[in-house]
Amino acid sequence: MTLSPSHSHVFLATRNGDIKTYDLTCLRKSPYNMPNLWKLYENKMAADGIPSLTSEPAPLNAVDVVIHPRNLDLLFVAYAGGVILTNLTERSTIRAYELILPPGAPGGAGYGLGDILTHRRMVVTSLAVHPSGHFFAVGYADGSIAFWAVEDDNSPLLVRTLEDVDVNLVNADKLEEYMGASTNSNTPRTIREPIFKLSWSSFANAPDPRGGDTALAILGGLDASMPPGLTTFLLPAFNPTEPPSEPPAPPDSLHPFFRNAMRQSLTISKPYFYETRGIVQDYLLLPHTSPHLGGNFDPYGILLITEYQHTRTVEAYQYPPPGFVQIPQAPPKVEEAEDEGTEAAGGLMSPMPPTPLPKSPRHTNPTPQPLRTPFTLSAGNSGALDGRLFRVNNDIYQDLVSKNTYDDLHLRLKGGQAFADTTKANELKLLKYQPRRILMTYNGDLSVQFFDISTQLNIPVEDRPLEHDWPEALPWLDIRLDEVFDDPAIADILSVPTDRVSIQSAQVALEALECALILSSGEVFIYHHAMNRSTPASSKILADTEIVLLDHIHVAPGRTFAPYFILAANKGPVETCALSDIGFLAVSYKDGSFIVVDMRGPKIILSREAEKKQRHSMASAKHLHAGHPPTSPHSHHGSGPEIVKALTWTVTSLDKDPQLAVRLIAAHQSGQAEIFSLEHSGSPVSWSVSSESVPCKAVSDPTPESIYILDRKTGAPWKADRAGLSASLKGLSAEGQCFLITVGAKGARSTLNINGEKIGKVEWGHKVGTVLGSQIVEHMASRVLVVQTDKHDALIYSLPHLEHIHTAQLPPISTLPLAIDESGDFIAWTRHPRSGGVIQAATYSTFFDIRRSFGPPDFNFISTHGSVPPQPQPVSLGPASLLGSWFSFNETLSGDQVDELLGGPNRPIPEKPQLTRGSSEEGLASTAAGAAAGFAASASAMQANLYNRLTSAVSERGQLLGDLSERFNTLEEDSKNMLAQAKRLAAQQTAKGWFGF
């Protein structure tokens with residue numbers, strides 16, 4: 001199927017090779033049809049006694065239909081056997097392009113073919129026309145590409161694979177070498193992919209009307225040894241000068257000078273390979289403004305659909321690669337930049353990379369940068385793996401969403417308008433009282449993304465359309481871990497190869513703007529605010545070998561987060577991690593080891609190796625980090641490593657210690673917990689862990705992030721934030737009491753003042769199922785404990801006594817823990833059914849559906865229309881001043897003329913709907929009314945003019961028969977070179993079968 005932005009007709013290739021047309025304006029099939037032109041060509045060749053060089057008949061199915069980029073009257077129809085160029089107005093075939101390899105030519109399959117000493121027909125798989133319109137590329141099933149001049153169907157300009165050229169010619173030396181080798185052993189056949197798709201692009205950077213450099217995108221043609229991806233070739237401009245007068249060009253053929261110039265323009269200037277993790281199934285080039293030239297003119301990006309482990313993903317990158325095309329940048333338009341919030345259109349298609357820094361190969365060897373895709377495309381292997389939903393106060397929210405100078409590369413996909421549901425006007429007004437929310441996702445492509453998911457984005461301003469995406473991306477907050485791996489020294493630190501690394505979990509301290517990324521290999525990457533990083537020249541030398549600074553890694557201007565350091569302890573996978581808003585990090589490993597880091601250094605202030613659970617006191621069983629204080633003894637039961645399953649930071653008092661202090665609570669698998677208190681001294685302040693830890697009671701098998709410290713009177717959380725840190729530094733005592741909540745696989749427990757007396761306890765039986773996660777939820781100044789199970793139940797308990805209140809049934813859409821925020825809103829993640837770990841969909845909901853509007857807005861996709869530039873006109877082969885070298889069929893039809901030609905004499909024209917400003921419902925209603933009127937007019941016209949149409953068809957039949965008779969006479973008189981002329985004459989006679997006569 002193919003269409004043009006200049007007219008409203010679609011060309012549809014059917015299974016039997018016929019071409020049908022469909023009118024998008026009238027919404028009906030048009031009377032203009034084409035039979036299988038290749039079949040007619042083959043029949044005519046046989047009737048003229050010209051034998052086929054191959055024993056097998058050519059396949060007759062249609063592969064592709066391509067409109068000439070500069071002449072709407074011409075149509076390329078690619079059949080499996082070859083390509084037909086046809087003229088729509090004259091209803092005739094102009095030329096037929098057929099590639100048959102001579103005996104001994106390797107083609108794309110190489111010399112290992114059993115039939116290499118016979119003629120072989122190449123099966124066509126794809127087609128793309130050069131932007132000038134003078135030559136085109138044809139892809140074949142053996143992985144080769146043939147380039148043909150439009151005016152010469154005798155032989156191609158060049159036939160090549162991705163690596164070799166002239167594979168259609170016989171190389172006697174190589175053929176003899178391979179034939180000699182085949183007598184001793186079987187010569188391996190080169191197994192290549194077919195050429196699935198081709199796209200030929202030009203750019204707005206050439207003063208010559210014939211264009212400048214071009215880029216050819218090739219999907220396929222890879223052999224089995226190459227990774228999956230897409231190939232791009234940068235090709236020189238086709239701008240030949242005036243041809244010499246001697247020798248003159250043969251009549252009715254392409255001048256050798258121009259043929260040679262075409263071949264020279266096919267010499268590769270730069271290649272680039274878009275390597276992907278999965279197999280590329282399809283791609284789409286995204287043009288800046290003009291939809292002409294097949295939608296490939298002046299592209300700024302490329303969309304790739306890749307498949308990996310039965311899951312398809314949409315990826316987007318810059319196109320062409322940086323350095324391919326240099327376009328002068330136009331001064332930005334302030335008005336457009338303010339209105340659209342995007343970069344001015346002046347050549348950002350292929351920006352050069354920033355000044356490279358040491359150890360950053362990504363910036364010394366420029367590669368296409370990824371383009372940000374809409375949230376709805378964040379699915380698949382490179383999409384979201386999991387995420388967190390945060391409720392934030394207004395101050396933090398403003399710091400996060402405030403736009404900066406970050407130059408975001410994104411897809412400019414906009415169309416139509418969205419309007420809020422006016423039937424829920426009252427609920428929409430109440431959205432402004434909702435808290436602000438931020439969504440963080442960590443993804444399969446080693447990135448972390450942030451989105452504004454506040455419901456206030458859906459509040460309309462008067463009757464105007466909605467102005468924000470929802471969720472709205474915050475690209476300046478994004479983190480790309482693969483940029484760090486570009487440093488070979490950093491990649492060597494990892495315990496596994498970089499292609500096997502994935503993000504296990506991510507935590508963010510929104511007040512401090514710090515982020516911890518826990519990798520599946522056990523390393524922990526810390527990012528902090530870019531304003532806090534030191535320069536590479538002032539980098540510190542750390543005493544702890546487990547910590548590696550990342551201050552030398554380049555950060556794009558405007559990015560909020562910058563790499564800080566890696567915690568690479570070589571202790572295996574991480575069990576759990578806790579990041580505070582006051583500069584402390586705690587990490588527990590599955591081998592039972594445990595590390596605490598003061599990120600101000602950074603410096604390890606506690607490191608405890610794995611210990612076995614004993615039945616007696618183990619005061620001396622701990623192996624401590626050099627220079628770090630010992631911890632107090634405590635008792636364990638059972639055998640195996642004693643793993644810390646849950647961690648949390650807080651500023652609180654204890655049962656017998658009313659003074660506020662920074663404390664870390666670590667809950668063990670056995671049900672015991674430890675309280676580590678941090679002490680400060682000196683100036684500047686230096687932090688250390690107290691010499692003794694305080695034991696307390698928790699629950700067995702605690703779930704990660706399942707420790708909560710709440711005020712006993714108000715229920716407010718006692719967090720490790722800046723306010724609490726300030727109070728602890730002043731030596732203040734706690735006002736009031738707190739209680740500790742721990743949640744595990746078998747129950748929950750609440751304890752007064754963390755290590756005091758038990759307040760409440762609940763145990764779960766097997767009927768409850770497996771606990772997936774928990775959260776403290778606040779509503780109307782009251783708080784409850786919500787526990788999620790794998791049976792899609794939410795168990796709700798009172799605080800602090802843990803009395804069962806209610807069991808809420810959750811929608812069975814997620815097997816992952818819900819991402820619940822403190823207000824009761826949550827994200828339910830749906831995994832792909834055939835690929836574990838890949839998120840297929842995200843559902844936003846809430847526990848408190850009281851006067852909340854979550855319905856999708858109304859869309860009106862026809863309310864806005866972009867202006868379509870004029871149709872590109874034919875250009876000359878030579879310079880524009882050379883009158884004799886103009887394209888032989890340079891007169892083209894307009895789009896309206898093509899619609900009139902294809903639609904026939906009785907084509908009904910429906911009235912265009914009159915769109916008024918206002919609600920989308922009015923626009924949609926008027927559109928529906930206009931469409932109904934069009935259908936009615938179409939039906940009436942078809943019924944009333946049936947007789948006239950039949951009469952017109954008979955008249956056209958007689959005229960065509962007369963034209964055919966004249967063409968037969970011309971063929972007999974002009975036959976000189978039998979083989980070449982017979983082929984051309986046979987092609988011209990295919991007009992005989994257009995109406996089945």
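The values are calculated or read from the model by the stated rules, or taken from the named source; none is laboratory data. The structure presented is a predicted model; accordingly, all values stated were derived computationally and were not measured. Don't worry about glycine lacking a Cβ; one is built from the backbone with ideal geometry, like all the others, and counts go over all protein chains shown. Heavy atoms of the whole protein, side chains included, go into the accessibility calculation; ligands, DNA and RNA do not. Shrake-Rupley method; radii C 1.70, N 1.55, O 1.52, S 1.80 Å.
Data for the structure
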| quantity | calculated |
| --- | --- |
| Convex hull projection area averaged over all views, the range 101-172, Cα basis, nm² | 4.9 |
| Calculated from backbone phi, Karplus (6.51, -1.76, 1.60) coupling profile of the range 443-457 in Hz, x at Gly/Pro | 10, x, 8, 6, 10, 10, 10, 10, 9, 8, 10, 5, 5, 5, 5 |
| Net length gained if the chain between Glu822 and His801 were fully extended (0.36 nm per residue, minus Cα distance) | 5.6 nm |
| Apportionment of accessible area to carbon and sulfur, the range 1-96, percent (1.4 Å) | 54 |
| Residues whose placed amide H lies under 5 Å from that of Asp64, excluding near-sequence neighbours | Ala78 |
| Förster radius 25 Å - calculated FRET efficiency between Asp164 and Ala491, Cβ distance, rounded to 0.05 | 0.15 |
| Where the range 1-96 is the region considered: accessible area per residue in Å², 1.4 Å probe | 39 |
| Hz values of 3J(HN,Hα) by residue in the range 294-307 - Karplus curve (6.51, -1.76, 1.60), Gly and Pro given as x | x, x, 10, 7, 6, x, 10, x, 9, 9, 10, 9, 10, 10 |
| Linear extension gain, Asp849 paired with Arg831, 0.36 nm per residue minus alpha-carbon span | 4.0 nm |
| Along each principal axis, Cα extent of the range 1-96, largest first, Å | 45, 25, 20 |
| Highest average packing first - 55-64, 518-527, Cβ atoms within 10 Å | 518-527, 55-64 |
| Rounded accessible area of Ile493 (nearest 10 Å², 1.4 Å probe) | 50 |
| Share of carbon and sulfur in the accessible heavy-atom surface of the range 206-262 [1.4 Å probe, %] | 61 |
| Where labels lie 7 Å past Cα in the beta-carbon direction, separation of Glu462 and Ile268 in nm | 5.8 |
| 3J(HN,Hα) from dihedral phi, the range 164-177, Karplus parametrisation 6.51/-1.76/1.60, rounded to Hz, x for glycine, proline | 10, 10, 6, 7, 8, 9, 8, 9, 4, 5, 5, 4, 5, 4 |
